[in-house]
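Here the structure comes first, spelled out in structure tokens, and everything after it is commentary.
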Amino acid sequence: MSEISTLSSKFGIRIKFERIKRNWSQETLAEKAGIGRTTLTNIERDLSSTTLDVVEKLAKAFGYEPHELLIFRDLEI
């Protein structure tokens, strides 16, 4: 396992992990969060950073508080 060094990389991996854990497509998560699928793709692939508003929307879609998406321990990469 390689070490991921940036917060945005870790966040993207966390979002993808949570999405796959629920067996959701990118389209499903984007719809539940009220964001564009391209935005989600860019977050998961670490092609762009995101705003706190989007973090909040993603957290709500997963049933979490926003800060919970920034906990990376026990995350299989």
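The values are calculated or read from the model by the stated rules, or taken from the named source; none is laboratory data. As the structure is a prediction and not an experimental result, all values here were calculated from the model. Virtual Cβ from ideal backbone geometry, glycine too; neighbours counted across all protein chains shown. SASA here: full protein model, heavy atoms, side chains in, ligands and nucleic acids out. Shrake-Rupley method; radii C 1.70, N 1.55, O 1.52, S 1.80 Å.
Test each condition in (1) modelled with pLDDT of 95 or more; (2) crowded, with 16+ Cβ neighbours inside 10 Å for residue 36 and report the one that comes out false.
(2)
Among the residues of the range 1-20, write down those that are open to solvent by less than 80 Å² (accessible area, probe 1.4 Å), in a loop (DSSP other than H, G, I, E, B) and either closer than 15 Å to residue 73 by Cβ or at pLDDT 95 or above (or both).
Hit for the range 1-20 is 4, nothing else.
Only residues in the range 53-73 that are free of Cβ contacts under 8 Å to residues at least 12 places away in the same chain count as the first member; pair them with residues that are of a type in the set (Asp, Glu) and open to solvent by 60 Å² or more (accessible area, probe 1.4 Å), Cβ under 7 angstrom, at least 6 apart or cross-chain, and list the lot.
Taking only residues 6 or more apart or on different chains, the pairs are 59/65; 59/68.
Exactly one of (1) among the polar types (S, T, N, Q); (2) loosely packed, with under 12 Cβ neighbours inside 10 Å; (3) assigned to a helix (DSSP H, G or I) is unmet by residue 23. Its number?
Exception for residue 23: condition (3).
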